[in-house]
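S.K.: First the structure, which I've put down as structure tokens, then a few questions once you've had a look.
The values are calculated or read from the model by the stated rules, or taken from the named source; none is laboratory data. As the structure is a computational prediction, the values presented were derived from the model and not from experiment. All Cβ positions, even for glycine, are placed from backbone atoms using ideal geometry, and neighbour counts span all protein chains on display.
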């Protein structure tokens, strides 16, 4: 069953605010037009740059990755070529080995993360097929990079620990820079970056830390605490410094794209995990699959599409108190994989054929070729299998609607702008598009 999961978020709203208007002032009509113009420009930019995701159910192609001979697979990451890495049960379910999947063929990666000591963190890979995780050397587990082209495994060393589980590599970019977690000689874990043959400590906010993702620019994302026993906070590392993006709440960053957009999880006062998106200094919650109560974000591609899991209502249980006769209704939840695109969270189970036999639980990564990798089941959850879900290309009518909308909005903006050009205001007012974000706090999950 799932090894390392977790995150959620709530909806918040974008409000265009005009403050201090006097309704009867002639100048206010002009300012209203200026505000309308600014709003149309923003909407036009949104529609014009929108990455269209086809919402036609049943057209999404789903591939079962198979296994290494056992009953289950647990896929972790996918690169832009559609190659996948993860873990699989072997024949007779006698063990669990790391695997590499490409074009219908699954390869056993043992001894990578396949011995008596194994990391629960997900494996990563880049577009060159270089795979990161860990390997046992001299009776200790060390972070490692496996190069499929050369067949060479490089042990990355540690930040101090030399016995037992010393750390693990979690992600690698296309330049070969890897990040992960390594233990200091003091026993505190820190995030690291490995480049040019050297492991470097990424530091922390004052306590522990761990790096879980890295983009093409070398910006890493993960978690850190401000004291040895403090709660973890979502952070990024860039330009040799660490930035706390948690807004003070327990959280974790899990994915980052090449534009620096970060996804992860935070906690709420209601006690739920909430998926969040951080971009350019601002965070927003992504909501959940109505009427569920929580969600978790794991990955984001360069188009800004986000994948994860969210609790969905699966049914109700009625319990009767044998003494009082009072009936209590308990809501049951089941995790469902989702994609968040263009401001909407979509249950991936609604996008596949109803007679496929699959129930999709988790979506862990989405590549720039619109392929999603995750976990699901065809027997009610008794056995987990991994899948690749291919998003179909948007239809011609969909693209036409998006393009037509953008041009219509632009045309409307130009007409309004012409009306405004000859007018000069003595005291122009300032109007801003304000993104109102409500940050909620709650006890979080461990690393």
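S.K.: Yes or no: the stretch 119-126 includes at least one residue that is more than 21 Å from the chain's Cα centre (by Cα) and without any contact (Cβ under 8 Å) to a residue 60 or more places away in the chain.
M.R.: no
S.K.: In addition: Please find, among 175, 158, the residue that is in a loop (DSSP other than H, G, I, E, B), buried (at least 20 other Cβ atoms within 10 Å of the Cβ) and in contact (Cβ under 8 Å) with a residue 40 or more places away in the chain.
M.R.: The conditions single out 158.
To keep it simple, each residue is scored yes or no on (1) modelled with pLDDT of 95 or more; (2) not assigned by TED's automatic domain parsing to the domain that holds residue 211.
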| position | (1), (2) |
| --- | --- |
| 92 | yes, yes |
| 105 | yes, yes |
| 124 | yes, no |
| 131 | yes, no |
| 143 | yes, no |
| 160 | yes, no |
| 163 | no, no |
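S.K.: On the basis of being touching a helix residue (DSSP H, G or I) at 6+ places or on another chain (Cβ under 9 Å) and either at pLDDT 95 or above or farther than 30 Å from residue 360 by Cα (or both), does residue 81 make the cut?
M.R.: no
S.K.: Also, I was wondering about something else. State whether one or more residues within the stretch 309-318 are closer than 19 Å to residue 64 by Cα, in contact (Cβ under 8 Å) with a residue 12 or more places away in the chain and touching a strand residue (DSSP E or B) at 6+ places or on another chain (Cβ under 8 Å).
M.R.: Yes.
S.K.: Looking at residue 284, is it surrounded by 21 or more Cβ atoms within 10 Å (Cβ to Cβ), within 12 Å of the chain's Cα centre (by Cα) and within 28 Å of residue 248 (Cβ to Cβ)?
M.R.: Criteria not met by residue 284.
S.K.: Limited to the stretch 107-121, what total is found for residues that are under 17 Å from residue 180 (Cβ atoms) and either in a strand (DSSP E or B) or modelled with pLDDT under 95 (or both)?
M.R.: 5
S.K.: Against the conditions (1) in contact with a strand residue (DSSP E or B) (Cβ under 9 Å, 6 or more places away or on another chain); (2) surrounded by fewer than 22 Cβ atoms within 10 Å (Cβ to Cβ), where does residue 360 fall short? Just the number, please.
M.R.: (2)
S.K.: Considering every residue within the stretch 134-142, establish whether at least one is more than 22 Å from residue 257 (Cβ to Cβ), surrounded by fewer than 16 Cβ atoms within 10 Å (Cβ to Cβ) and free of Cβ contacts under 8 Å to residues at least 24 places away in the same chain.
M.R.: Yes, some residue in the stretch 134-142 is more than 22 Å from residue 257 (Cβ to Cβ), surrounded by fewer than 16 Cβ atoms within 10 Å (Cβ to Cβ) and free of Cβ contacts under 8 Å to residues at least 24 places away in the same chain.
S.K.: For residue 91, only one of the following conditions fails: (1) within 27 Å of residue 253 (Cα to Cα); (2) touching a strand residue (DSSP E or B) at 6+ places or on another chain (Cβ under 8 Å). What is its number?
M.R.: (1)
S.K.: So which of 260, 248, 264 ends up being within 30 Å of residue 174 (Cβ to Cβ), surrounded by fewer than 20 Cβ atoms within 10 Å (Cβ to Cβ) and touching a strand residue (DSSP E or B) at 6+ places or on another chain (Cβ under 9 Å)?
M.R.: Of 260, 248, 264, the one residue that is within 30 Å of residue 174 (Cβ to Cβ), surrounded by fewer than 20 Cβ atoms within 10 Å (Cβ to Cβ) and touching a strand residue (DSSP E or B) at 6+ places or on another chain (Cβ under 9 Å) is 260.
S.K.: Same structure, new question: Closer than 27 Å to residue 79 by Cβ, assigned to a strand (DSSP E or B) and not assigned by TED's automatic domain parsing to the domain that holds residue 201 - does that describe any residue in the stretch 281-291?
M.R.: Looking for residues that are closer than 27 Å to residue 79 by Cβ, assigned to a strand (DSSP E or B) and not assigned by TED's automatic domain parsing to the domain that holds residue 201, one finds none in the stretch 281-291, hence no.
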